[in-house]
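What follows is a set of notes on a single structure, which appears directly below.
What follows is calculated from the coordinates using simple rules that are stated; it is not laboratory data. Please read these numbers as outputs of a predicted model, since none were measured by experiment. Note that we place each Cβ from the backbone using ideal geometry, even for glycine, and neighbour counts take in every protein chain shown.
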Amino acid sequence: MSVSKIECAATVRGKGKFTLGLYRHLAPVTVTAILGELPLASRAMVSPGMITLMTKIKTGVEKQRMEFSKGDVAFLAATGSICVFLKNVRSERPLNPIGKVEEGLEVLQQASAGDVLQIAGATANDAGVQM
């Protein structure tokens, strides 16, 4: 258990469950804003190598980068989107890195455009760690 890492239970409705690890040290303001909005649910938008979850979260740029590995999770401040990378990519736009898919990446790889993605919140192991 870590003060920086918060594990969040998530699902692709009708297809399965996965776990996200959000890391405060990567983008503290962004991760705090996301945790404050949980639970989140949105229809998936699928792009080559990436799944995007639209949110209403408004936050600025923070420790942005453009290269991401398979399983990385990032936040696009310009659109308020959470992006999960399904392969190693170099993004056209800089994003705030926020975490990694800990388990169940194969569930996201089976997701299609329009599937409902839900991020429920911290798992029982991390419930006492949130600030």
(message) If I build a Gaussian network model for the chain, linking alpha-carbon pairs within less than 10 angstrom, which residue out of M66, M45, M54 has the largest mean-square fluctuation?
(response) M66
(request) Output the pairs from K15/K70; K17/K63; K17/K100; K15/K63 with a Cα-Cα distance over 25 Å in this structure; if there are none, say none. (result) K17/K63; K15/K63
(message) Spelling out what I want: for every residue of the range 93-98, take phi, set θ = phi - 60°, compute 6.51 cos²θ - 1.76 cosθ + 1.60 (Karplus), and round to whole Hz; glycine and proline get x.
(response) 10, x, 10, 7, x, 10
(message) To the nearest 20 Debye, how big is the dipole of the chain about its Cα centre, given +1 on the beta carbon of each Lys and Arg and -1 on that of each Asp and Glu?
(response) 240 debye
(request) For T19 paired with S4, estimate the spin-label separation in nm (one decimal), with each label point 7 Å from Cα along the Cα-to-Cβ line. (result) 1.9 nm
(message) Expected output is a single nm value to one decimal: the length gained when fully extending between M54 and R93, i.e. 0.36 nm times separation in residues minus the C-alpha distance. What is it?
(response) 12.4 nm
(message) At a 10 Å Cβ-Cβ cut-off, how would you order L22, L38, fewest neighbours first?
(response) L38, L22
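Restricting attention to the range 16-117, which trypsin sites (Lys or Arg not before Pro) occupy a DSSP loop and are surrounded by at most 13 other Cβ atoms within 10 Å?
K56, K58, K87
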